[in-house]
1. If you go through the range 4-52 one residue at a time, how many are assigned to a helix (DSSP H, G or I) and closer than 20 Å to CYS253 by Cβ?
2. For the range 132-159, which residues satisfy the criterion of being within 22 Å of ARG289 (Cβ to Cβ), within 18 Å of the chain's Cα centre (by Cα) and open to solvent by less than 60 Å² (accessible area, probe 1.4 Å)?
3. Considering the range 254-282 alone, what residues qualify as being touching a residue at least 40 places away in the same chain (Cβ under 8 Å) and either outside any strand (DSSP E or B) or in contact with a Cys (Cβ under 9 Å, 6 or more places away or on another chain) (or both)?
4. Looking only at the range 2-29, which residues are under 20 Å from ALA103 (Cβ atoms) and either open to solvent by 50 Å² or more (accessible area, probe 1.4 Å) or among the β-branched types (Val, Ile, Thr) (or both)?
5. For ALA131, are the conditions met, namely being assigned to a helix (DSSP H, G or I) and either within 13 Å of the ligand (Cβ to nearest atom) or assigned by TED's automatic domain parsing to the domain that holds ARG289 (or both)?
6. Which ones in the range 157-188 are within 11 Å of the ligand (Cβ to nearest atom) and hydrophobic (A, V, I, L, M, F, W, C)?
7. Restricting attention to the range 112-128, report how many residues are more than 16 Å from the chain's Cα centre (by Cα) and within 14 Å of the ligand (Cβ to nearest atom).
8. Please go through the range 160-178 and pick out each residue that is part of a loop (DSSP other than H, G, I, E, B) and surrounded by 10 or more Cβ atoms within 10 Å (Cβ to Cβ).
Amino acid sequence: MEFHRVIGARRSLRAFSRRPVEMEKIERMLDAARWSPSCANRQPWRFVVVGADAPSRAAVEEALDAGNDWAKRAPVLIAAGARRQDAAVVESRDYFLLDTGMALMSLLYRAVDLGLLVHPMAGWKEEPLRAALGFPDDFTPAAVVAVGYAGKSGDLDEAARKKDEKPRARKPLGEVAFRSRWGEPFEATLPSLPAKVYETELQLRFGDTDAMGHVNNAKVVTYLELGRIRFFADVMGVERVEDIRFILAEVSCRYRIPILMHDRVFVRMHITDVHRSSFRFRCDLFDPRDGRVFVEAETVQVMYDYTTGRPVPVDADFLAKARDYIGG
Ligand SMILES: Cc1cc2nc3c(=O)[nH]c(=O)nc-3n(C[C@H](O)[C@H](O)[C@H](O)COP(=O)(O)O)c2cc1C
């Protein structure tokens, strides 16, 4: 996966499936952490991997706060922290937890890159965790990370499900980054949100559902196609199929909630980035009545000349018509 997509795909969601995680993937995550930078290369981080069958597993679960009960479904829990004896101290600044945070971030991103769901937690009791895992006195535990594959949000309790369905929020760039001096906001110039998002309703058909009563995952790809075609008709003014000048290069979907026959499904979409001859749509399938997002998807289109069979640059006409729909 391209790195910016890994950053975009990482979410601290709570619905884990019981599917076991391959130890090879855990090893790759730990290796990514191992190659992180650290002050004076002291590498103070340490990790304890606790699988579903580990003798310490029950005691680690016991140490979790009640609000993190969802994490018990995750097949792997990794306790991460730092050894103070390996701390680099500059003036009076102790870097051991910063180093460990960076290593943890590498571990999380590598996990996402490997198709895993990871969720770091601070909600656990230190003494029971120390006892469960036999940490030495000079070890400071920092986080427990739940690791697994994404599961069904229907398996979560109400409180956890609501948290998972909440839209993500971030402080604006100018509040967290300054230019030249503290307090002088770093003004964002790239649109973080498009001026407009294209929305259209999708008509579900009984035949779209499978033996489970869910809209089949392959149908979702067709829904995205319908959204694209309507976008080109409504926004770009395309009237004839010959005037569609792109070819689909990539589709990726995150199926969050099954779509059922009685759901109302809209697609909302905008363009997140435009390159020399390609552009990317970000699409959500959602129910406007309660805001539930069923599917998050991305598609990459390459502008294409069907007569020569070759990609062509994105042209000014496309950019002018699509401009309001382009944003991060
Ligand atoms: C150090 C740390 C501790 C966290 N502890 C918890 C926790 O105990 N329980 C929980 O549900 N989420 C926990 N989170 C997840 C955050 O709530 C989450 O990262 C934040 O809301 C941003 O959402 P995102 O990670 O999906 O972007 C923790 C995250 C970090 C980095």
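1. Counting residues in the range 4-52 that are assigned to a helix (DSSP H, G or I) and closer than 20 Å to CYS253 by Cβ gives 6.
2. If the condition is that a residue be within 22 Å of ARG289 (Cβ to Cβ), within 18 Å of the chain's Cα centre (by Cα) and open to solvent by less than 60 Å² (accessible area, probe 1.4 Å), then SER153 is the only one that fits.
3. Selection gives ARG256, ILE257, PRO258, ILE259, MET261, ASP263, ARG264, VAL267, ARG268, MET269, HIS270.
4. Within the range 2-29, PHE3, VAL6, ILE7, VAL21, MET23, GLU24, ILE26, GLU27, ARG28 meet the criteria.
5. The answer is no for ALA131.
6. ALA159, ALA160, ALA169 - these are the residues of the range 157-188 that are within 11 Å of the ligand (Cβ to nearest atom) and hydrophobic (A, V, I, L, M, F, W, C).
7. Selection size over the range 112-128: 6.
8. PRO172, ALA177
The values are calculated or read from the model by the stated rules, or taken from the named source; none is laboratory data. Quick caveat, the model's predicted, so the values are computed rather than measured. Ideal geometry is used to build each Cβ from the backbone, glycine not excepted, and the neighbour counts take in all protein chains shown. Surface areas here come from the heavy atoms of the whole protein model, side chains and all, with no ligands, DNA or RNA. Shrake-Rupley method; radii C 1.70, N 1.55, O 1.52, S 1.80 Å.
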